[in-house]
1. Looking at (1) modelled with pLDDT of 90 or more; (2) surrounded by 16 or more Cβ atoms within 10 Å (Cβ to Cβ); (3) not aliphatic (A, V, I, L, M), can you tell me which one Pro635 breaks?
2. Does Ser571 meet the test of being out of contact with any Phe, Trp or Tyr (no Cβ under 6 Å at 6 or more places or on another chain) and either surrounded by fewer than 19 Cβ atoms within 10 Å (Cβ to Cβ) or touching a residue at least 40 places away in the same chain (Cβ under 8 Å) (or both)?
3. Test Lys584 against the stated conditions and say whether it is of a type in the set (Lys, Arg) and surrounded by fewer than 21 Cβ atoms within 10 Å (Cβ to Cβ).
4. Are there any pairs, at least 6 apart or on different chains, whose C-beta atoms fall under 6 Å, with the first in the stretch 228-245 and in contact (Cβ under 8 Å) with a residue 40 or more places away in the chain and not assigned by TED's automatic domain parsing to the domain that holds Asp122 and the second of a type in the set (Gly, Ala, Ser) and part of a strand (DSSP E or B), and if so, which?
5. If I filter the stretch 134-147 for residues that are part of a strand (DSSP E or B) and over 20 Å from Thr46 (Cβ atoms), do I get at least one hit?
6. Looking at Ser475, Ser447, which is the one that is modelled with pLDDT under 80, buried (at least 19 other Cβ atoms within 10 Å of the Cβ) and among the polar types (S, T, N, Q)?
7. Just wondering, is there one or more residues in the stretch 178-188 that are assigned to a loop (DSSP other than H, G, I, E, B) and exposed (fewer than 13 other Cβ atoms within 10 Å of the Cβ)?
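The values are calculated or read from the model by the stated rules, or taken from the named source; none is laboratory data. Quick caveat, the model's predicted, so the values are computed rather than measured. In this analysis, Cβ positions are derived from the backbone assuming ideal geometry, glycine residues included, and neighbour counts consider all displayed protein chains.
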Amino acid sequence: MLAGGGYGILAVAVAVAVVLMLPSATRAQIADCDMGDATGYAANSTFGSNLNLLVASLAANASASPSGYAATSAGAAPDQVYALALCRGDVNASSCAACVAAALVDGKQSCGNNKSVTMYEDDCVLRYSGLRFMDAISSDQWQPSQIIWRLDRAPWSEKVQSVGWFNAAVTKILSALANYTGDMAGNLTSKKYFATGEMNDFNPKIYGFAQCVPDMTPQQCKECVRTLGDYTEQTYKGNSLRWVSTYSVWCRVMYSVRPFYGGRTMLQISAPPPPAPAGDTPVGTTPEAGAGKKKSAAGIAAGVACSVVVLLVLSVLSFVRFKRRTKAVETDHPLKKITRAQCMIFDLPALQEATENFSENNKLGEGGFGTVYKGVLSDGQEVAVKKLLGTTGHGLDQLHNEVLLLAELQHKNLVRLQGFCLHQEQTLLVYEYIKNGSLDNILFDISRENALKWDQQYNIILGIAKGILYLHEDSSVRIIHRDLKSNNILLGEDMEPKIADFGLAKLLGEGHTHTRTTRVVGTFGYMAPEYVSDGNVSTKIDIFSFGVLVLEIVTRRRNDSGDHDLVNLLSDVWNCWTKGTISKLIDQSLDGYSQSQALRCIQIGLLCVQSDPDDRPHISSVIFMLTRENMELQPPAQPAFFFGTESVSSSSSHGQRSYVYDRYGFANISVNDVTLTEPYPR
């Protein structure tokens, strides 16, 4: 059995054993401690041993399964254990395994040695019992009305135009998800029985999620999701709650007015008709009453018929014009790979009007090869428009690279591309508008001192990590950003971070973990040593950049040095770390818990900037370190780069390769304060 997948099981077993020694971190979790079996087991009993081994194998099997699901049993009666694990369809394998392992710890801490426990976590559900609970979905026992469910809800409401309209919108999206999830369950080629939905034409935008256990039939899946949808409706009916999550062993239903799932939305759902404005019907008059009602109806019908004819003519003319323009774009331009379904195509006059002809007053900033302007479209939507400074060469290649990537990527921690414009020699990108600007401006602007509270800083760190996780592990292709820095992190509503500027991003082919480039590109202070010296490209160069970002966010200092300085931020942090004075680099006004959290982030940042890329953690491990605050961290070694005159020999006594980061010391590499514009050809 150990041949093949056994070593994965053994590895997860070790991980579970480590996690069992750690207290649970603060996060969303719900425990059901007595589901049909109130008996307990002794700590050192055969049942307990069977449980630990079973959950270890379950974590490995669920994370290795395309559906993120596993159900099995271990041991013999009376100590036999039955267990099920189902990870959310939008999480990756490493997060799945970590969630299942953590759920066992949380279950034991919440329920003690109870034999029958269900843990509902953010990313997974774990059910274990001494009873054959899987029999509940057999055809002769399935009773959806008897589903045991648990609910979690927002403690506050969203301001909406009409609570009734909001309720109708939520009901519609949950109903659509129930049907779609059931259809997915009935599709033998489908691997994950879950669905995500989005209602764009509604304010606020509504996001939905539904998932079923893959062992269920399509009809059972639909019944389960609909049943949970009914329970959810009982909660939001008459309210406009920002989010509601309803869980059961067999399915889960969630909605929110904020993005909460990774990957591309599967369903685009139209909003229900808005309620009729008050006063449309005269007092004392019913829709059937009124002497001239029939004549009015006839007049309205005639008007509608004329309008339809006019619209049809205009539609045909617009379609012909659009087809001609689209054909020219697809024939002559590198962006022909993008379909209109993925990206909107804008007219230049529309963007000129939106930006007041690219007025200096609307200018948001400049990048390595583009200027960004704020614009307001005719429908009132705010956008950011990047206008290319040059029309040929590597800059244009970078922009095409960015369009092709962003058209495929959708994640709440990535800036969303709305569309593009091609007009003669001009090329423009249209993004969602991020009102709070860049992290760089807020973090290092002395006039805005303490603009960010610590909990916002921590959430920014975690959000950036989740965005990187999507690029490295969850997107359809493995993507290395190569230019993560503070002014490429934009801050949206509630200071939620969004990674921007994918002009330098590099794709790794399926099955590849690293490659090499002959042209090094990036930004001074954020580039990893193996990338600078040898051109080695792997996900670990983004980890290095992330580590620098973490240290900058916690200390509110830029990783830069004036020509007269002998140290940069990395060496200053390391010197304070080794001397035991690291607390002087953090905000002294923080309370004890926040100070401890900030010091932990510094240690994680130092682990991410190690000289050897193999010593840097993967981003999934970083997220685990950030969210499980009592997990013991490895001690960091000396970081990779130092400014100044420190010699290699004096800093390599521990057998590690050391680097002196001299801004003038790298041959054939142009390094400055902005993004370089010479990408390696894809």
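1. Result: Pro635 passes all but (2).
2. In short, no.
3. Taking the combined requirement at face value, the residue satisfies it.
4. Within 6 Å, the pairs are Asn239/Ser157; Ser240/Ser157; Leu241/Ser157; Trp243/Ser256.
5. no
6. Result of the check over Ser475, Ser447: Ser475.
7. Yes - at least one qualifying residue is present in the stretch 178-188.
Results for (1) modelled with pLDDT of 90 or more; (2) buried (at least 24 other Cβ atoms within 10 Å of the Cβ); (3) farther than 16 Å from Tyr247 by Cβ; (4) of a type in the set (Phe, Trp, Tyr), shown as yes or no for each residue.
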| position | (1), (2), (3), (4) |
| --- | --- |
| Ala71 | yes, no, yes, no |
| Ala93 | no, no, yes, no |
| Ala101 | no, yes, yes, no |
| Ser110 | no, no, no, no |
| Asn113 | no, no, yes, no |
| Met119 | yes, yes, no, no |
| Leu126 | yes, yes, no, no |
